[in-house]
Structures are given as C-alpha cells and as structure tokens.
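The values are calculated or read from the model by the stated rules, or taken from the named source; none is laboratory data. Every value quoted in this text rests on a predicted model; they were computed, and no experiment measured them. Cβ: placed from backbone, ideal geometry, glycine included. Neighbour counts: every protein chain shown. Heavy atoms of the whole protein, side chains included, go into the accessibility calculation; ligands, DNA and RNA do not. Shrake-Rupley method; radii C 1.70, N 1.55, O 1.52, S 1.80 Å.
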Amino acid sequence: MTITTRAAVLRRSTDDQPFARSAPLSVEEVTLQPPGPGEVLVRITAAGLCHSDLSVVNGDRPRPLPMVLGHEAAGVVEEVGAGVTDVAPGDRVVCSYVPSCGHCADCAGGHPVRCADAQAANREARLVTGRRPFRDASGAELHHHLGVSAFTELTVVSPRSLVPVPDEVPLDVAAVFGCAVLTGAGAVLNTAVVRPGEAVAVIGLGGVGISAVMAAALAGAHPVIAVDTVPAKLDAATAVGATHGVLAGDDAVEHLRELTRGGVTVAIEAAGHPGALATAYAATRSGGRIVVAGLPHPRHQISVPIASLVGEEKSILGSYMGSSVPRRDLPRLFALYAAGVLPADALVTSRSVPLDDVNAALDRLHAGTEVRQILTP
Ligand SMILES: [Zn+2]
Ligand SMILES: [Zn+2]
C-alpha cells in the first residue's frame, strides 16, 4: 500500500539561470511508503522557499541527490505509524529541520541542534528511522531533505521533527516559524541573549535577518540597525522594528560606528557571506558579540585580526537554527505572534505559490525581491 503524491525533485545542482528555463526542480508524480514505526504522514499545506533551498539547487550547499527539496513547512497530520503518541491525525503541526533525539548529552544539555543522531540523519539525507520513503516513477529511491522534504503534497517525517501549531496561528505563517523565525529570533534571544538597550546590527535581510530584527526590537535593543544591499529591504526592516537602515557597502562599518558612537554591541550575520561577516566583526565594539547565523559555501574561511579579538575581547558565536529548542521556543514565539508583538506576517511576501511555479520562485528569491514565498502543494 504505497501513497502517490506530487513532489519537486532536485536531480542535479545547477546555477544555470533563469531557473524558470533550466528547471532544476522537476515536479513529478512520486510514491511514498506509508509511515512506519516512529514515523508520521503529514499533508503539507504551506512550504516556505528559503535561501538554503536555493543553496542546495545552485550547489553552495552540497547534498546527496536526487532529493525531494524543502525544509520549512506546516501542515496537518494524516496518519501516524506504530508507537507514535505525541501527535495524532488532524493535529496542525510545524516542521523543524533538526530532528533531535531529546535524550543524548547535547539534547539533555539544552542544545538539541547539536544532536549527533539528528545531524547524521540530515547529513545522510534520510529519516532518523533510517528510511528514505520517497520513490520516483522508475522506483529509484529519493533522498530526504533535513528530515522534512516539504515541496510535496504529502511527506513522511519523524515526530521528532514536529511541533504543534496553536489554532490562532494560520498554517501559512506557521511555516516560516520552522526555519526563518526560529533561526533569526533564536540568534538574538538564545545565542546573543540580547538585553534591553544593547545596540544591535542585523546584516542580511532575508527571512532570518528580518526575524532577527523583530526579535531585537522585542528584546528592547536600541538602536536596531538593519543592513542590506537592497534599499527596499531596509524599508521592510524598519516596518518591523529597525530604528535605522544602512546600505551595505564600503562605508557601512563607518556608518554603523557613527550611529552607535563606537560600534554595535551585537552584530547578527544573516547573509551567509564572508564580506558580511567582515562588516559584522569590524562594526562591533569592544566586548561585543558577533553571531554568525548565515550558511555560506563550505569552502569559505574567516580571517580575523587576533590582536583585536584578544585586546578588544570580542566573541564570535556560531548559531545553528538559532541555538533553539523547538519544543520550548516555538510555543513562545507563536504566543508572541498571537499577541501581535512578533509580526511574522511581514515575512510572507507571496502566498499560495503553486508547486509547478517553484523554479520561477527560485528566480524571484535569487533576485532579492521576495522574503518568503509560500508554496501551497
Ligand atoms: Zn531555511
Ligand atoms: Zn540528541
């Protein structure tokens, strides 16, 4: 008893643009094995297109292929496999892209993003149960994307990847909490632990950066300075709590230092670009924290003046998925959204994008004209 569904499959990485023409993602009829023990069948109602998906398509983030892409999504539980007790059919859920086990030393220590079992499953592009349940029309196995594989009508995931969504949060907004909000807000609240009155700069205003701006404003940071190469994104950041916008470029560091009389206390690098990290480091005052949340190509290295690192006591902090604990943090973030103080609707710049339009959507993401486009498979 296999399930038939439609899914966007990446067979070969390419940077051949426009993607609408080269069509790296093919929307295909595929089969899905029903959920086995410790697995859940989820009907995806909303899937965000994230820059990390584009990085898999263009090869910046090499992954085993072919793969059913997509890692930021919300939907409804259709069926549960044997032994699954924490979700039930009909539950509204958001997916998290690190299926932490909950009982290893890292998970028990409050750092589930470091869970070795979850990282091995994601690296090998399989579920934590060991399975890869998608097959193409020829019967060939398709890899799973970060335990989610969201660009499809139906997917099978581990319950460890799922967090319930409260009724007051629409599922197309809930989807962006799974990656953009968890990563951006977490970088500010969990990794940097921003305190009221601290000067914060957020460099790179995609979904993660805009979420970081919202969280910095919510945490009482001042000023909150948004930095990007695209002027319209500075306006978008101002609309959700940034007090200033600075165009990225040659004089950005000087500008940031002037605005804060000597440098920001916290710089969030959300662009995944070595130049953005250099700006973040140079614009941070003595004793400041530089949080690196963007993921560039693995070949990139950092170069830091060691004398400044020591003499100015700066800290460079890596932040994966916002150092989050999804089952602790997502309910809090949903409550803040429902209370009207975390305006995550602003991240959703296109709703109801058909799955068949996914390649053109990649072009729009690459052009920087969209923050989050929500596919509705
Ligand atoms: Zn993402
Ligand atoms: Zn673990």
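Remark: the range 268-280, residue by residue, has Karplus-estimated 3J(HN,Hα) of 9, 8, 10, 9, x, 9, x, x, 5, 5, 4, 4, 4 Hz, where x stands for each Gly or Pro and the curve is 6.51 cos²θ - 1.76 cosθ + 1.60 at θ = phi - 60°. A run of the chain free of exposed loop cleavage sites, with trypsin sites (Lys or Arg not before Pro) counted only in DSSP states other than H, G, I, E and B and at most 15 other beta carbons within 10 Å, reaches its longest extent at 13-260.
Residue farthest toward the positive end of the dipole of the range 238-364, with Cβ of Lys/Arg at +1 and Asp/Glu at -1: which of Val348, Pro326, Ala276? Going by the charge dipole, the pick is Pro326. Converting phi to 3J(HN,Hα) with the Karplus coefficients 6.51, -1.76 and 1.60 and the offset θ = phi - 60°, the range 362-376 yields 4, 4, 5, 5, 4, 6, x, 8, 10, 8, 10, 9, 9, 7, 10 Hz in sequence order, with x at every glycine or proline. Computed on the Cα atoms alone, the convex hull of the range 114-258 gives a volume of 165 cubic angstrom per residue. Between the amide H of Thr45 and those of Ala74, Gly75, Val76, distances stay under 5 Å, these residues lying 5 or more places away or on another chain, with hydrogens modeled in the peptide plane.
Kirkwood-type hydrodynamic radius, the range 1-148: 16.2 Å, calculated from all non-identical alpha-carbon pairs. With a Förster radius of 56 Å applied to the beta-carbon distance between Val310 and Asp167, the computed FRET efficiency rounds to 0.60. Annotation: extensible slack from Arg123 through Arg195 equals 22.4 nm (criterion: 0.36 nm per residue apart, minus Cα-Cα distance). Taking only the alpha-carbon positions of the range 181-332 and ignoring solvent, what does the Debye formula give for the base-10 log of I(q)/I(0) at q = 0.12, 0.13, 0.18 Å⁻¹? Listed by q, the Debye log ratios stand at -0.42, -0.49, -0.97. I'd like the Kirkwood hydrodynamic radius of the chain, using the inverse of the mean 1/r over distinct C-alpha pairs, in Å. Here the Kirkwood hydrodynamic radius works out to 20.7 Å. Starting from the Kirkwood Rh over alpha-carbon pairs, what translational D in µm² s⁻¹ does the range 262-377 have by Stokes-Einstein at 20 °C and 1.002 mPa s? Result for D is 126 µm²/s. State which stretch of the chain is the longest one without any exposed GluC sites (Glu not before Pro), exposure meaning a DSSP loop state and at most 16 other Cβ atoms within 10 Å. The answer is 169-311.
Between Glu79 and Leu41, the built amide H atoms are under 5 Å apart, and every one of these is 5 or more places off in sequence or on another chain.
The phi torsions of the range 102-109, fed into the Karplus equation with coefficients 6.51, -1.76 and 1.60 and a -60° offset, translate into couplings of x, 9, 6, 4, 5, 4, 5, x Hz, rounded to whole numbers, with Gly and Pro shown as x.
In the context of the full set of protein chains, the range 93-158 has a per residue accessible area of 33 Å² (1.4 Å probe). Rounded to the nearest 0.05, the FRET efficiency derived from the C-beta distance between Arg21 and Ala278 at R0 = 41 Å is 0.75. Model label sites at His103 and Thr14, defined 7 Å from Cα along the beta-carbon direction, differ in position by 4.7 nm. Each stretch of four or more DSSP H residues adds -39500 (n - 2.57); spread over every residue of the chain, this sum gives -7000 deg cm²/dmol at 222 nm.
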